[in-house]
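This is the structure I want to talk about, given as structure tokens.
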Amino acid sequence: MTIEIKVPVLPESVADATIATWHVKAGDTVKRDQNLVDIETDKVVLEVVAPADGVLGEILDDEGATVLGEQVIAKLEEGASAGSESKSTTAAQKNDSGSAPSAGVSVDIKVPVLPESVADATIATWHVQVGESVSRDQNLVDIETDKVVLEVVAPGDGVLSEIIAEEGATVGAEEVIAKFSQGASGSASVAASDDSAAADDDDGDDNDALSPSVRRLLAEKGVDASKVKGTGKGGRITKADVEQYLKSGDSTPSAAPAAAASAPAPAAPVGERTEKRVPMTRLRKTIANRLLEAKNSTAMLTTFNEVNMKPIMDLRKQYQDSFEKRHGIRLGFMSFYVKAVVEALKRYPEVNASIDGDDICYHNYFDVSIAVSTPRGLVTPVLRDCDTLGMAGVEKGIKDLAIKGRDGKLSMDELQGGNFTITNGGVFGSLMSTPIINPPQSAILGMHKIQDRPMAVDGKVEILPMMYLALSYDHRIIDGKESVGFLVTVKEMLEDPTRLLLDV
């Protein structure tokens, strides 16, 4: 019985999708619920699984093809079976090295199902090469979306037999990006062949197409990419190349261009003057677009105030040990900021509202976005129902979001929503700033560095730990009276934390 394999129903705002990765090929035996193909939309990667046991008879749309919702992309022969021995031999023959690994069952490696608001993704970093033996659950590749990095792991012990989507390629949800021979074993000649092939391509034009992980490592170690010899495909620099360069301690500068040497110059610059053009990551492009959207679509204005942090600092010093012993987490400043913001939002509902067309939507819940700096860029995961959380619950929630953000493990649900944003540039030393609104929210509160300053108190000068507050707001929905009142409320709550308990 022939079963049609179709593209899933696409989200309402998505017009079409792209075949990202076929995890199986025509003639492969598949099992029920096995991932066949990853299909990438503008916002998510969708996985298409086998509806029954059988053999994939025909692939109608190859990787990279643009498809529509419910379009037939392949056909499955239900109940049929194929000789695994002949399939593994064929897979071995397609191996770039020309050296076949031991027999194994061919499995498609696909892009995971993408979050609903994510249309497509980018192959960031391949951690293994063709012909390399891997273990079950070993990370094969990092796939970068607009907001998160997804790891694709090996379905079992075996060998990566073919890479279909190279680093930098745009892929869709459930698109097949590689072939995996489960149960097979790699051969040393494969790695040797790959190394020699990479050496032949050292002069390729793709040397500057660095993956995010390589760019991050180069930045951390202060290494000029032009000095590192790439051994990846097309001469691309890999993490192993950077690590080998650091071990060798090679600091030989690259040769200056002949034209520059011959050109007469009255005052030749000292040292190298190199440039490198690196494509923006998907996350960085998304951040750039949203910042421009905020500046162009809102009537943004910023108001400032300052707060004496001594009462909170004294309170933390007095109860820090008891708090940590009871709740298993340190008492930080963010829990005070969040609780003060929630109380101010209750008193000024306009700040907790948003504009939807010609309507103003007032939110009767308090989901606060917390700006988190990650190696890939700034993200704003959401701490939900903050009005129901105690100080310990807020601290634990923020810590969990920060760890997930650092490790690239944030889910789309954790990044969507939020009625108000708090950003703390003070952790980096910022003394004052004008934060940009996070649409469709109407306001954002910026916290800054706590710094000792001389202040007039009851006619006397005292040295106090002061911090500037900055509230950027959309003047279309929030007037000056509400914005200043909101900021003064936050200031009063922080300067007298007892107000948080007494609700005064």
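The values are calculated or read from the model by the stated rules, or taken from the named source; none is laboratory data. Since the structure is predicted, the reported quantities are computational estimates derived from the model, not experimental observations. All Cβ positions, even for glycine, are placed from backbone atoms using ideal geometry, and neighbour counts span all protein chains on display.
Where residues in the stretch 425-475 are polar (S, T, N, Q) and within 27 Å of the chain's Cα centre (by Cα), which of them is nearest to Thr489 (Cα to Cα)?
Among those that are polar (S, T, N, Q) and within 27 Å of the chain's Cα centre (by Cα), it is Ser472.
Next question, about the same structure. Residues in the stretch 389-396: is at least one loosely packed, with under 15 Cβ neighbours inside 10 Å and over 30 Å from the mean Cα position of the chain (by Cα)?
Checked against the condition, which is being loosely packed, with under 15 Cβ neighbours inside 10 Å and over 30 Å from the mean Cα position of the chain (by Cα), the stretch 389-396 yields no hits at all.
Okay, moving on. Can you report the number of residues in the stretch 437-485 which are assigned to a strand (DSSP E or B), acidic (Asp, Glu) and touching a residue at least 40 places away in the same chain (Cβ under 8 Å)?
1
Identify, by number, the condition in (1) crowded, with 19+ Cβ neighbours inside 10 Å; (2) in contact with a strand residue (DSSP E or B) (Cβ under 8 Å, 6 or more places away or on another chain); (3) modelled with pLDDT of 90 or more that Leu410 doesn't meet.
(3)
Let me ask something additional. Across the stretch 120-133, what is the number of residues that are outside any loop (DSSP other than H, G, I, E, B) and closer than 11 Å to Ala178 by Cβ?
Here the count works out to 2.
Now for a different question. Just to verify a result, which residue in the stretch 128-176, among those that are under 17 Å from Thr238 (Cβ atoms) and of a type in the set (D, E, K, R), is nearest to the chain's Cα centre (by Cα)?
Glu144
Kindly evaluate Leu445 against the criterion of being among the aliphatic types (A, V, I, L, M), over 21 Å from Ala288 (Cβ atoms) and at pLDDT 85 or above.
Spelling it out, Leu445 is indeed among the aliphatic types (A, V, I, L, M), over 21 Å from Ala288 (Cβ atoms) and at pLDDT 85 or above.
In the stretch 245-290, which residues are of a type in the set (A, V, I, L, M), assigned to a loop (DSSP other than H, G, I, E, B) and modelled with pLDDT under 75?
Ala255, Ala256, Ala263, Ala265, Ala267, Ala268, Val270
Same structure, new question: Quick test of your reading of the structure: Cys361 fulfils all but one of (1) of a type outside the set (A, V, I, L, M); (2) outside any helix (DSSP H, G or I); (3) in contact with a His (Cβ under 6 Å, 6 or more places away or on another chain). Name the failing condition by number.
(3)
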